Amino acid sequence: MTPRASTHPGENIDIAITGRGVVSSIGEGADAFFDALLERRSGVVEDLGDLSARAGAPCSDFDPTVAMT
């Protein structure tokens, strides 16, 4: 059975749950993320280089070419 989700009443779309795990600014993968939570680590930084935001939480170690193969 394919999971279905409705974005509009009467309309169904296909969805997929991949189980890829956690990708966040404090750790990639469930173990690294959980350890960072226990250490109360923050991924928020004030220097985002050329971006016009005052602060953010970049996932700088994430390589999508590795994760999506």
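For residues in region 55-69 being outside any loop (DSSP other than H, G, I, E, B) and surrounded by 10 or more Cβ atoms within 10 Å (Cβ to Cβ), which is modelled with the highest pLDDT? If we take residues in region 55-69 being outside any loop (DSSP other than H, G, I, E, B) and surrounded by 10 or more Cβ atoms within 10 Å (Cβ to Cβ), then Gly56 is modelled with the highest pLDDT.
Taking first residues from region 33-54 that are assigned to a loop (DSSP other than H, G, I, E, B) and partners that are of a type in the set (Ser, Thr, Tyr) and surrounded by 10 or more Cβ atoms within 10 Å (Cβ to Cβ), the Cβ contacts under 7 Å between residues at least 6 apart in sequence or on separate chains come to Gly43/Ser24; Gly43/Ser25.
Look at region 26-52 and say how many of its residues are surrounded by 10 or more Cβ atoms within 10 Å (Cβ to Cβ) and basic (Lys, Arg). Matching residues across region 26-52 total 1.
When Glu28, Glu39 are checked against the criterion of being at pLDDT 85 or above and within 11 Å of the chain's Cα centre (by Cα), a single residue qualifies: Glu28.
The values are calculated or read from the model by the stated rules, or taken from the named source; none is laboratory data. Please read all numbers here as calculations on a predicted model, not as lab measurements. Glycine also receives a Cβ, built like all others from the backbone with ideal geometry; neighbour counts cover every protein chain displayed.
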